[in-house]
Every structure is written in structure tokens, then in C-alpha cells.
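The values are calculated or read from the model by the stated rules, or taken from the named source; none is laboratory data. These figures come from a predicted structure and were not determined experimentally. Cβ: placed from backbone, ideal geometry, glycine included. Neighbour counts: every protein chain shown. Areas reflect the complete protein model, heavy atoms only, side chains present, ligands, DNA and RNA absent. Shrake-Rupley method; radii C 1.70, N 1.55, O 1.52, S 1.80 Å.
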Amino acid sequence: MKRMQTEILVIGGGATGTGVAWDAALRGFRTVLVEKRDLTHGTTGRYHGLLHSGARYVLKDPASAVECINENRILRRTHTHCIEDTSGFFVVLPEDEDDYSDRFADACRRLNIPCTEIPPASALRREPLLNPRISRVFELPDAAADSFLATHATAQAARQAGATLLPYHELTRLHLSGGEGNRTVSAATVLDTVSGEELHIDADLVINAAGAWSGQVAALAGVDVKMILGKGVMLATNARLTNTVINRCKMPGDGDILVPIHTVSVIGTTDEQVADPENLSIEQWEIDLMLTEGDKLVPGLSSSRILRAWAGVRPLYQETQSPGEPALGSIDSLSDDQPAQGSPQYSRDATRALALLDHQQRDGVRGFITITGGKWTTFRLMAESAVDAACGQLGVSRPCRTAATPVPGVEQGHYWLGHRLNEVEDENLQSELVCECELVTRSMLESAAQRNPTVTLDDLRRDVRLGMGPCQGGFCTYRAVGILHQLRAGKASPVAGEWHVAHMQSPAHHHRDGAAAAPSGEG
Ligand SMILES: Cc1cc2nc3c(=O)[nH]c(=O)nc-3n(C[C@H](O)[C@H](O)[C@H](O)COP(=O)(O)OP(=O)(O)OC[C@H]3O[C@@H](n4cnc5c(N)ncnc54)[C@H](O)[C@@H]3O)c2cc1C
């Protein structure tokens with residue numbers, strides 16, 4: 001069996017895990033991250049796409065609202081190019097509760113979330129498809145965020161700081177030393193799911209950032225972490241219906257947010273408590289509900305062409321034991337379909353605030369920390385909290401640097417919709433297009449494939465948005481398969497080295513890089 005040694009081992013390659021790897025490496029820790037599939041395979045690649053201003057939670061979950069607005073300000077500086085600065089409207093419909101909007105505006109002021117009431121007529125001028133029956137509109141700093149690009153950019157920043165990231169490596173075992181009351185997590189066994197080989201990693205400390213799978217990972221250390229899993233369903237329309245994020249101004253509920261993401265709009269979401277993080281089933285009633293609620297925001301949404309539906313599972317957590325108390329019971333004694341005692345009855349009621357579980361204090365297990373709950377918007381703060389706790393356990397003091405360290409690519413400024421078209425037209429790349437809907441060129445695809453020897457079509461979808469547009473891969477998938485086949489048959493040479501993540505979604509940069517790297521005889 002191969003062996004490695006590290007100071008910090010991170011489990012999970014979603015927003016939180018890559019954020020932890022970035023933070024830990026910047027603080028000078030030797031860091032290894034393992035992800036059982038591709039980066040963003042989990043909830044991070046299945047979310048709604050909203051950089052929250054926190055306003056959604058001001059009345060229901062103020063702790064989460066404060067985390068969101070603080071991180072919203074930071075991510076605009078550190079991950080600028082992953083964010084489209086759309087702004088957000090909170091709109092009041094005739095059927096919405098009378099006094100909610102006044103209480104909402106007061107709470108935003110109290111929590112220092114910028115909130116300006118604008119006349120409905122001016123909101124309708126900016127968003128003509130919006131329901132004309134809106135009676136009040138508040139504008140807030142919500143935005144759209146690309147979690148695929150942001151995670152890759154964070155991963156590149158982590159690698160540049162010295163971290164090793166191992167996608168397609170699944171944690172299968174945690175090794176503990178010491179006796180009862182003095183147990184320490186000291187190593188892990190990881191399965192390389194491509195080669196089938198096992199890898200033994202000695203680690204001073206393991207950080208569990210496995211999202212909805214955090215309970216399963218904690219169980220490998222004999223620790224009980226009862227997650228509250230809330231499945232949500234979203235639908236993408238075949239065009240952008242609005243350019244602004246639209247929220248209903250009411251207590252958070254189903255189907256009350258419409259987010260413009262790249263070329264589409266996404267209506268969501270539901271919140272159904274599930275027992276299994278892999279339960280991504282989509283039922284007809286969920287689709288019908290999204291269409292009905294979507295029509296309330298944009299009348300006629302339900303008759304637009306729906307491109308796709310998908311689901312993600314929220315990794316929510318609400319602590320039910322005080323530090324030092326024994327855990328609620330053995331893992332086996334908790335039925336999987338029952339919420340833990342003392343936890344909210346429905347996942348919709350569970351807090352969206354982050355949850356840091358220092359298992360040394362909580363369970364008497366050293367060298368093990370779980371970071372879960374939270375939002376995509378708060379991943380950087382979650383990472384900071386986890387690595388602060390790691391410093392505490394390791395007995396060192398090293399300040400967090402991520403809030404002031406931009407990831408590669410921020411110099412491009414905020415994402416804007418015309419970005420790819422502009423580059424394709426400037427560089428005359430029309431004949432290079434493999435995916436016309438999302439303007440993916442052959443060089444972008446080859447570059448992505450050549451830097452990932454085990455690349456799948458699904459990886460390409462996440463990496464360069466192949467097949468994400470209105471044709472849903474109906475044409476480009478076949479072309480991509482042909483190109484991958486050529487690459488695998490050795491007709492193009494692999495490109496060694498680091499992803500130019502900042503440019504992975506840029507047709508122009510791939511064209512120039514590709515031209516520079518192309519073997520003679522190939523264009
Ligand atoms: C429907 C829905 C909509 C949402 N919308 C928004 C939104 O608009 N804005 C927002 O801010 N937040 C939103 N969220 C919340 C947000 O998506 C999540 O909080 C966030 O993505 C969680 O990231 P994570 O890295 O903690 O978990 P994940 O992204 O799930 O990452 C955990 C990773 O751990 C890996 N893993 C699991 N077990 C193992 C193992 N044994 N070995 C190795 N790897 C393992 C998994 O493969 C996975 O990739 C939404 C969530 C849902 C469900």
C-alpha cells in the first residue's frame with residue numbers, strides 16, 4: 001500500500017473542503033484533501049447559485065444572515081470573477097403577509113444589510129417580466145455565483161499555497177490510537193477509485209468537510225454526528241427571465257427564489273427531509289410546485305421550456321448536546337428516518353448557520369474536527385473556523401489569511417453574460433465551437449480533458465459548462481465524445497502541469513494557450 005504523511009487531511013472536495021485546504025495551506029500547514037468523486041460532485045455542484053445578502057434569513061435565522069452578509073462582502077473581493085453582480089429584489093405579492101415587509105426592512109437595518117425600497121414601477125422597468133401585481137420592492141446585494149468556477153479557483157489557490165488535492169479518492173477508514181477517553185485520529189485509508197489502489201495517509205489532524213456525508217465520515221471515528229438532510233429541487237428555464245435575483249419578501253418557503261445563472265434562470269427550491277445524502281430523487285409534485293410558485297414571480301414561467309431539473313441535499317446541523325456531554329446515543333440507536341432528539345422537526349426549520357464540532361471537546365476524540373451546516377456563501381468562514389480549531393488542537397497560533405487573499409482570476413472583474421460571446425467574436429473562434437449554447441470551443445474542451453486523464457463528460461459539464469445550455473448536450477455531447485476519443489487514441493499530446501483555472505471558462509485564453517502548446521502539424 002502506498003503511504004503519505006501530512007499535517008492536515010481534509011475530507012471532501014466541495015466548497016467547504018477546498019476552502020479548508022486553501023486556508024490551511026496559506027497558514028503553512030502541510031495539507032492533503034481527498035474527494036471521493038470530482039471536485040463539486042456533492043451539494044456544491046447542485047445548489048441554487050445565489051450569493052446571499054443574508055436578507056432571506058433576517059427574521060428566521062439572524063445568525064445565518066449575519067454570516068452571509070459578512071461573507072458576501074469578502075467573496076466579492078476574493079472570488080470576484082465567480083460572481084455576477086446581479087443585485088437582488090425582494091418583492092411583495094398581494095397574498096404575502098401584511099406586516100412581514102416592514103419587519104423585514106427593520107431587521108435588515110438592524111443587521112447592517114443594505115436594503116433600499118424602490119418603487120414597483122422602476123423595478124418593472126428593469127425587469128419587465130416580473131409580476132405586475134407586486135406592491136413593494138426592496139433592493140439588496142444578492143448576486144449570482146458560479147460554484148464550479150469558484151471551487152476550481154479555490155482549489156488552484158490551495159495548490160499554489162502547497163496543498164495536495166486528490167479527487168477520486170474515497171476515505172474508507174479512519175485509524176484511531178489510544179484508549180477510551182483518550183482516543184486520537186492518527187491516520188486514514190483512502191481508496192483511489194480510478195486505479196483501485198489503497199493509500200495510507202498519516203495525519204496530525206483530520207477535518208471532516210464531507211457535507212451531507214459528514215455523519216458517515218464521523219462514524220468512521222466512532223463519533224455520532226446526526227445530520228439534518230434537506231433535499232431541494234430546482235428547475236432551469238431555457239432563457240434568462242430576469243437579470244436580477246428575485247426573492248419573495250416572506251418567511252422562507254418553497255419555490256420563492258429565481259436566480260439568473262449564465263444563460264438560464266433557475267427557480268427553486270423545495271426542502272424535504274431525507275435520510276440518505278444520495279437521495280436525489282425528483283417527484284412530479286416538486287416540479288409542479290416550482291412551476292406554480294415560479295408563475296407568481298414571473299407569470300408564464302411555467303409555459304417556458306424547462307431545460308432540466310436537479311436536486312441537492314443540504315448538510316444542516318443543529319447541536320443537541322453540550323460540550324463534554326456524552327453523545328446522544330450510539331450511531332445504531334438513532335433511526336435514520338427520525339430527526340435527532342431536540343433537533344428541529346423539519347429541515348426547513350434547521351438553522352443555516354455554520355456548525356463547528358471540535359471532537360476533542362465534544363467527544364474526547366483528538367485530531368478530529370467536523371465543519372458542516374452553513375451555506376455556499378459562508379464556505380470561507382466555515383474553513384476559517386475549522387482551521388482556527390485545528391490550530392487550537394495542534395497548539396499553534398497562525399492567523400487566517402483567506403479574507404485578504406484573492407484567488408487566481410479576480411483581475412477579470414465580475415462575470416458578465418456577454419463574456420464568452422465577446423471573446424469568441426474578437427478572436428474569430430466561431431468555427432472552433434463544440435457547444436454553441438454555452439460557447440465552449442474545441443481548445444477549451446481539449447485543455448480540460450488533457451489536464452485530467454480520467455475526465456468524464458460529467459466532469460466537462462462542471463469544468464467548462466459543456467451541455468449546460470438550451471440544447472442540453474443534444475449536439476455537443478456527441479462532438480465531445482469524438483474529441484475525447486481522438487485524445488485517448490493519442491492524436492493529441494497531454495498537457496502537463498497546472499490548470500489555468502482563472503481562464504478555464506475563457507475561449508480566448510484557451511485558444512492562445514492551445515496555439516502555443518499545439519504540436520506541430522496540428523492547429
Ligand atoms: C437545493 C439547494 C440549494 C442551495 N442553494 C444555495 C444558494 O443558492 N446559496 C448558498 O449560499 N447555498 C445554497 N445551498 C447550500 C450550499 O449548497 C451548501 O451549504 C454547500 O454547497 C455545502 O458545501 P460542502 O462543501 O459543505 O458540501 P459538499 O459540496 O456536499 O461537499 C462534500 C464532499 O464530500 C465528499 N465526500 C463524502 N464522503 C466522502 C468520503 N468518504 N471520502 C471522500 N470524499 C467524500 C462528497 O463527494 C462531496 O463532494 C443550497 C443547498 C441546496 C441543497
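Worth pointing out:
- Residue tally, condition open to solvent by 30 Å² or more (accessible area, probe 1.4 Å), in contact (Cβ under 8 Å) with a residue 40 or more places away in the chain and over 18 Å from the mean Cα position of the chain (by Cα), over the range 384-402: 5
- The single condition among (1) open to solvent by 10 Å² or more (accessible area, probe 1.4 Å); (2) within 24 Å of the chain's Cα centre (by Cα) that CYS68 does not satisfy is (1).
- Those residues of the range 474-493 which are under 10 Å from CYS435 (Cα atoms), out of contact with any helix residue (DSSP H, G or I) (no Cβ under 7 Å at 6 or more places or on another chain) and either of a type in the set (A, V, I, L, M) or buried (at least 18 other Cβ atoms within 10 Å of the Cβ) (or both), in sequence order: CYS476
- In the range 1-29, residue modelled with the lowest pLDDT [restricted to those that are more than 12 Å from the ligand (Cβ to nearest atom) and assigned to a loop (DSSP other than H, G, I, E, B)]: MET1
- With respect to the conditions (1) outside any strand (DSSP E or B); (2) within 23 Å of THR44 (Cα to Cα), SER265 falls short on a single one, namely (1).
- Counting only helices (runs of 4 or more DSSP H) that sit completely within the range 430-523, those holding 2 or more residues that are modelled with pLDDT under 75 correspond to 507-517.
- Which numbered condition ARG366 fails, given (1) modelled with pLDDT of 95 or more; (2) within 14 Å of the ligand (Cβ to nearest atom): (2)
Condition check ((1) modelled with pLDDT of 95 or more; (2) β-branched (Val, Ile, Thr)) across all residues:
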{"site": "PRO114", "(1), (2)": "yes, no"}
{"site": "PRO119", "(1), (2)": "yes, no"}
{"site": "PRO128", "(1), (2)": "yes, no"}
{"site": "ILE134", "(1), (2)": "yes, yes"}
{"site": "GLU139", "(1), (2)": "yes, no"}
{"site": "ALA144", "(1), (2)": "yes, no"}
{"site": "GLY181", "(1), (2)": "no, no"}
{"site": "ALA187", "(1), (2)": "yes, no"}
{"site": "LEU191", "(1), (2)": "yes, no"}
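- The residue that is least open to solvent (accessible area, probe 1.4 Å), among those in the range 255-282 that are within 20 Å of ILE228 (Cα to Cα) and among the acidic types (Asp, Glu), is ASP271.
The rows are residues; the columns are (1) farther than 15 Å from SER506 by Cα; (2) in the same structural domain as GLN486 (by TED's automatic domain parsing); (3) out of contact with any strand residue (DSSP E or B) (no Cβ under 6 Å at 6 or more places or on another chain); (4) crowded, with 22+ Cβ neighbours inside 10 Å.
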residue	(1), (2), (3), (4)
GLY409	no, no, yes, yes
GLU425	no, yes, yes, no
ARG442	no, yes, no, no
GLN450	yes, yes, yes, no
THR456	yes, yes, yes, no
ASP463	no, yes, yes, yes
MET468	yes, yes, yes, yes
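- Scanning the range 110-153 for residues that are in a strand (DSSP E or B) and more than 29 Å from the chain's Cα centre (by Cα) yields GLU117, ILE118, ARG136.
- When the residues of the range 71-90 are filtered to those that are part of a loop (DSSP other than H, G, I, E, B) and either within 12 Å of the ligand (Cβ to nearest atom) or within 21 Å of ALA153 (Cβ to Cβ) (or both), the one that is most open to solvent (accessible area, probe 1.4 Å) is ASP85.
- Hey, ARG314 within 16 Å of the ligand (Cβ to nearest atom), open to solvent by less than 60 Å² (accessible area, probe 1.4 Å), at pLDDT below 95 and not aliphatic (A, V, I, L, M) or not: no
- Some residue of the range 201-213 being more than 14 Å from the ligand (Cβ to nearest atom) and surrounded by 24 or more Cβ atoms within 10 Å (Cβ to Cβ): yes
- Within the range 244-255, being in a loop (DSSP other than H, G, I, E, B) and more than 12 Å from VAL298 (Cβ to Cβ) holds for CYS249, LYS250, MET251, PRO252, GLY253, ASP254.
- Some residue of the range 222-245 being at pLDDT 95 or above, out of contact with any strand residue (DSSP E or B) (no Cβ under 7 Å at 6 or more places or on another chain), open to solvent by 10 Å² or more (accessible area, probe 1.4 Å) and within 11 Å of the ligand (Cβ to nearest atom): no
- Breaking point among (1) in a helix (DSSP H, G or I); (2) in contact with a helix residue (DSSP H, G or I) (Cβ under 6 Å, 6 or more places away or on another chain); (3) under 23 Å from GLN160 (Cβ atoms), for ILE371: (1)
- Among residues of the range 30-59, those that are buried (at least 24 other Cβ atoms within 10 Å of the Cβ), away from the ligand (no atom under 12 Å from the Cβ) and in a loop (DSSP other than H, G, I, E, B), counted: 1
- Check on GLN160, closer than 23 Å to THR378 by Cα, away from the ligand (no atom under 13 Å from the Cβ) and open to solvent by 20 Å² or more (accessible area, probe 1.4 Å): yes
- Looking across the range 113-165, just one residue is out of contact with any helix residue (DSSP H, G or I) (no Cβ under 8 Å at 6 or more places or on another chain), β-branched (Val, Ile, Thr) and more than 23 Å from ASP99 (Cβ to Cβ), and that is THR164.
- Screening ALA21 on (1) open to solvent by less than 10 Å² (accessible area, probe 1.4 Å); (2) within 27 Å of ARG348 (Cα to Cα) shows it passes everything except condition (2).
- For the range 284-306, the set of residues classified as open to solvent by 20 Å² or more (accessible area, probe 1.4 Å) and under 23 Å from the mean Cα position of the chain (by Cα) consists of ILE287, ILE306, listed by residue number.
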